[in-house]
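Written out below as structure tokens is the structure these notes cover.
The values are calculated or read from the model by the stated rules, or taken from the named source; none is laboratory data. Every value quoted in this text rests on a predicted model; they were computed, and no experiment measured them. Counting neighbours? That spans all protein chains shown, and the Cβs are built from the backbone with ideal geometry, glycine included.
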Amino acid sequence: MTEPTKSITFTLNGSECTRTVPVRTLLSDFLRHDEDLTGTHVGCEQGVCGACTILVDGTPVRSCLMLAVQADGATVETVESLAEAGELSCFQKAMKDEHGLQCGFCTPGILMSVTAAQRCGRTVEDTETEVLGGHVCRCTGYTGIRSAIRKTWTEASE
Ligand code: FES
Ligand code: FES
């Protein structure tokens, strides 16, 4: 039996898209395989590790737990949208400067969660608790990531 499909229209990294997708396709798979946006990583596929985090209408979402059809009408942002005209965002620069990554597998999800926290004016303490609690990093011990968050918040307040 052929899997049913649905036409969806949404904004992806600033551009309006209309696509026809199988109704059971996960948003993470759609982004990676159909849109070639492989910066969204997939680890556990169970909503635990945070690697697949993207922003949907500005809110961090585990894209492995969302169907592509649920993005209909929404604004979706992936890690590919963060650097503007090749210029890294403040937190991207801080992660680089503070050695906030090693293998980089967890990094795109962390970048998206911290970006959302910054935009909505979270405190540095809340950001550390929420963001680091929601993302599994097997490499860094979180030290460099925490330094990068602190550097970003300090620079924003100067
Ligand atoms: S792959 Fe989605 S939370 Fe781990
Ligand atoms: S840098 Fe390797 S998992 Fe975080």
Residues within segment 37-71 that are assigned to a strand (DSSP E or B) and in contact with a Cys (Cβ under 7 Å, 6 or more places away or on another chain), tallied: 1
Tally time: how many residues in segment 28-39 are loosely packed, with under 14 Cβ neighbours inside 10 Å and touching a helix residue (DSSP H, G or I) at 6+ places or on another chain (Cβ under 7 Å)? 0
Among the residues of segment 39-50, is there at least one that is within 19 Å of VAL114 (Cα to Cα) and free of Cβ contacts under 8 Å to residues at least 24 places away in the same chain? yes
Return yes or no: is VAL69 out of contact with any Leu (no Cβ under 8 Å at 6 or more places or on another chain), free of Cβ contacts under 8 Å to residues at least 40 places away in the same chain and not acidic (Asp, Glu)? no
Just one listed residue, out of THR59, THR75, THR123, THR25, is at pLDDT 95 or above, surrounded by fewer than 17 Cβ atoms within 10 Å (Cβ to Cβ) and over 25 Å from CYS137 (Cβ atoms), and it is THR75
Can you work out which of the residues in segment 42-56 that are surrounded by fewer than 20 Cβ atoms within 10 Å (Cβ to Cβ) and within 13 Å of ligand 1 (Cβ to nearest atom) is nearest to SER15 (Cα to Cα)? VAL42
How many of the residues making up segment 124-148 are in a loop (DSSP other than H, G, I, E, B) and either free of Cβ contacts under 8 Å to residues at least 24 places away in the same chain or among the acidic types (Asp, Glu) (or both)? 2
State which residue pairs qualify: first residue under 12 Å from HIS41 (Cα atoms) and inside segment 98-123, second residue among the basic types (Lys, Arg) and away from ligand 2 (no atom under 16 Å from the Cβ) in any location, beta carbons under 6 Å apart, and separation of 6 or more residues or different chains. none
Some residue of segment 97-113 being surrounded by fewer than 18 Cβ atoms within 10 Å (Cβ to Cβ) and among the charged types (D, E, K, R): yes
Here are the criteria: (1) touching a Gly at 6+ places or on another chain (Cβ under 6 Å); (2) among the small types (Gly, Ala, Ser); (3) outside any loop (DSSP other than H, G, I, E, B). Tell me which single one SER28 does not satisfy. (1)
When residues of segment 96-113 are filtered for being away from ligand 1 (no atom under 16 Å from the Cβ) and part of a helix (DSSP H, G or I), how many remain? 2
